[in-house]
Amino acid sequence: RPAPDTLRRARFDRPQASLDFWRLLYALLKQIHGGRWTESDAIDNQIRFVKSALWYHGYGRPELYRLPSDGSAGSRELLLAFSWLLHRLSLLEQLLVRNRVKTGDETSVCTCEDDLPNSQKGTTEIAPEHGLEDRVDVRYLQWLSGRLRFQWRSLHAQHQEQCKLLHKIHLFTSGCHMDRILGHFSVLETDLIRQPESYKQLLQLLESETMQLEAFLEWKQLEPVYWQWMEAVLDDVAEEERTSESQDADVEKSGLPKATPCCPWADSLTGKIDRLSTDLTTLRDQLHKLVTRRKAAWCQKVKSREEQLQEEGFSATARKIQASVELKLLDLTHLCAPKSPKKHGSCRLVFSSKTGLGRCVSKEPVSAVSAAEVVRELQVREASLERELEQLREECRQRLDAVAEGLDGVICISP
């Protein structure tokens, strides 16, 4: 929690508050992205991570990204970024959701296509300071692709093993729960039965969550006061920016020497500028004529090539257009079909002998979610993505064939 004195110093851009704000943003963003962090992390790594995370979330003030990496300045910019996170990302609400004590076995259910919030689209790592080289070894990219596939398969195997263990626990404890809708114990409840002394740790977690909820309710009561105070901060920033712009304009006006007859070098400098302007105008006209001639030549080549394609590959082009139209018709049929409400959120896993049900505990609850129904919707989405992928592969294959035809004496072997 930032101290009131830190906020006051940040309003007046005092450097003493910069490090505190960098550490605060680092801790909050690390929790949002599910990463581990310690207070002993190097300050330059913390600053680099905060900048990359803010860039990922869409924070657009360039002044923040120009701040030094030693944390010696920029407390007001950090205060603005902190307030932006509070307003745009619902920072406190996300922290409460992530730190919620889960007593049941839950899983995330999402059948949305493009409606995922930014915070769940991926994890932001520290962005490199320098870009990639102009040329990247293809073997390195292949190695990265293979490593990604291996990790994905390993993660999938671990998830399957977890599902098997959950099924065993739910099956063996079926009928033991007081709640007849659930009917079975969760992993946490089963562990409490096996090790009753571990309830103290659970009690501490629940007390910590209660304190966080009480602090959040207190914040909601004082939130209007904070935003009124931030309006004053924004007024100060706007006033300083206007003052800085006016000073820069005065410097630009007074910085250029005036060409007066008393300056002996003014006439010669003006003559050189005029000659340079004339040369540039002549060069521009010549380039315009050259571009016009080359454009006419290319248009003639393109026209002749189109005539050859019309004579040679009309049937192949027609087949390609027909396949593309059929694919679009399939997608159009899928889009025009009556859509069921999209499911998104966290659901508790409830075992059933006939169907697997999940009771939704998200902000917009639904009565029950059938596992078979979710699987069916995901399979439809998977089929659509596979069709799109196959179309892209076919287009890439045709482009490679066109390039290979222009290489004399070269044999291309597909991998």
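The values are calculated or read from the model by the stated rules, or taken from the named source; none is laboratory data. Note that the structure is a prediction, hence the values are computed from the model and not measured. Note that we place each Cβ from the backbone using ideal geometry, even for glycine, and neighbour counts take in every protein chain shown.
If you take the residues in region 179-215 that are assigned to a helix (DSSP H, G or I) and of a type in the set (Asp, Glu), which one is surrounded by the most Cβ atoms within 10 Å (Cβ to Cβ)?
Out of the qualifying residues, it is Glu189.
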Report summary line: For Gly146, the lone unmet condition from (1) in a helix (DSSP H, G or I); (2) among the small types (Gly, Ala, Ser); (3) closer than 14 Å to Asp105 by Cβ is (3)
Query - Selection status of Ile43, surrounded by 13 or more Cβ atoms within 10 Å (Cβ to Cβ), more than 20 Å from the chain's Cα centre (by Cα) and free of Cβ contacts under 8 Å to residues at least 60 places away in the same chain - result: yes
Query raised in the report: Only one of (1) surrounded by 17 or more Cβ atoms within 10 Å (Cβ to Cβ); (2) closer than 24 Å to Val233 by Cβ is not met by Tyr56, so which one is it?
Result: (2)
Report task. Check Leu79 against each of (1) at pLDDT below 85; (2) surrounded by 17 or more Cβ atoms within 10 Å (Cβ to Cβ) and name the one condition it does not meet. Result -> (1)
Query raised in the report: among the aliphatic types (A, V, I, L, M) and touching a strand residue (DSSP E or B) at 6+ places or on another chain (Cβ under 7 Å), is that true of Leu206?
Result: no
Query raised in the report: For region 271-293, which residues satisfy the criterion of being of a type in the set (Ser, Thr, Tyr) and within 46 Å of the chain's Cα centre (by Cα)?
Result: Thr292
Report summary line: Subset of region 168-188, residues more than 41 Å from the chain's Cα centre (by Cα) and among the aromatic types (Phe, Trp, Tyr), comes to Phe172
Query raised in the report: Given the structure, is Ala81 free of Cβ contacts under 8 Å to residues at least 24 places away in the same chain, assigned to a helix (DSSP H, G or I) and outside the structural domain of Met211 (by the TED database)?
Result: no
